[in-house]
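**Q** Please read through the structure below; I'll follow up with questions.
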Amino acid sequence: MNQEMEAEFVDVYSTLTEKLLNWLETTIAMLPNLVVALLVLIVFMVLGRLVRSGVKHMLERTTRNKTIINLLETIVGVLIVGIGVFIALSVLKLDGAVTSLLAGAGIIGLALGFAFQDIASNFISGIILSIRHPFGIGDIIETNGFYGEVEKMNLRNTIIRTPEGQIVYIPNKSVFENPLENFTSSGVRRVDLSCGVSYGDDLEKAREVAIEAVKGLENYNDDKGIDFYYEEFGGSSINFNIHFWVNFRRNPDYLSARSEAIIAITKAFDENDIMIPFPIRTLDFGIRGGEKLNTMLHDGKES
């Protein structure tokens, strides 16, 4: 019995020793490849840091969104290190592991793409908006039916504050796919006013007075000039439109300029005896019309 146990022990010891020797031989044989793989990883890690730094400096010239900058440089760094890992595994002749990792990554990516389609769309749209930079923090924009000042932009939403004070969260995908107006980027904005003068006034004089009144405004921008057009023969006045430009950074710049223009034109017309007529309405009485009020009252008393 003891001899059998000793024989079994010897067999196990021999098998274990053989396995260990094989592993040792394999390790020694793979030692050069292991060193090369380690060097590859170190090189790609250093390269990843250098590329991240370069990407960061490049993005800082195109966008001020630190969230986007940090995210993109991290993604680039991880991709470069990932490439280094796959090359190192190939050097170690672990091609099967590389294939399995790529297949697993593809399946996971496909599943996540379907599950988070909207989030991914908003995320990508936010990146493109940050790179193209059609607007910045503090700009006044109008998009998707909302008008206001851009307060913040993250990876999912563009956040604006309306003139009434409400905060609106607009998905980046909607901002990217729909028309967008930036009122701040040019630094100027046009003010359009409609008014009218009486049929008895001198139209050329009224035009000159209105234009001079607008030129006296404090925020008036004289680079683009003033456009004045008579538009129509109204019921009680000859109506005109006057267009002029003001320097624009904030919404009050536009609103105050429009208000001051109304005051200035009204005051200038009064000083030059130019009338802005009230609407005139004629009331007809009687079944067939054309009857005066006193006639209707007299006929009513007689009856």
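The values are calculated or read from the model by the stated rules, or taken from the named source; none is laboratory data. What you see is a predicted model; the values in this text were computed from it and never measured. Here Cβ is always computed from backbone atoms with ideal geometry, including for glycine, and neighbour counts include all displayed protein chains.
**Q** What pairs come out if I take residues in region 115-135 that are outside the structural domain of Met58 (by TED's automatic domain parsing) and pair them with residues that are at pLDDT 80 or above and among the basic types (Lys, Arg) whose C-beta lies under 6 Å away, six or more apart or interchain?
**A** Ser121/Lys173; Asn122/Arg156; Asn122/Lys173; Ser125/Lys173
**Q** Show the residue pairs that are 6+ apart or on different chains and have beta-carbon atoms under 7 Å apart, the first residue being within region 251-262 and under 14 Å from Asn221 (Cα atoms), the second being in a helix (DSSP H, G or I).
**A** Once the first residue is under 14 Å from Asn221 (Cα atoms) and sits in region 251-262, its partners that are in a helix (DSSP H, G or I) give Ala261/Val214.
**Q** What number goes with the only condition from (1) part of a strand (DSSP E or B); (2) out of contact with any helix residue (DSSP H, G or I) (no Cβ under 9 Å at 6 or more places or on another chain); (3) without any contact (Cβ under 8 Å) to a residue 40 or more places away in the chain that Asn239 does not pass?
**A** (3)
**Q** Same structure, new question: Is one or more of the residues making up region 177-198 touching a helix residue (DSSP H, G or I) at 6+ places or on another chain (Cβ under 7 Å), in a helix (DSSP H, G or I), assigned by TED's automatic domain parsing to the domain that holds Phe248 and under 29 Å from Ile262 (Cβ atoms)?
**A** no
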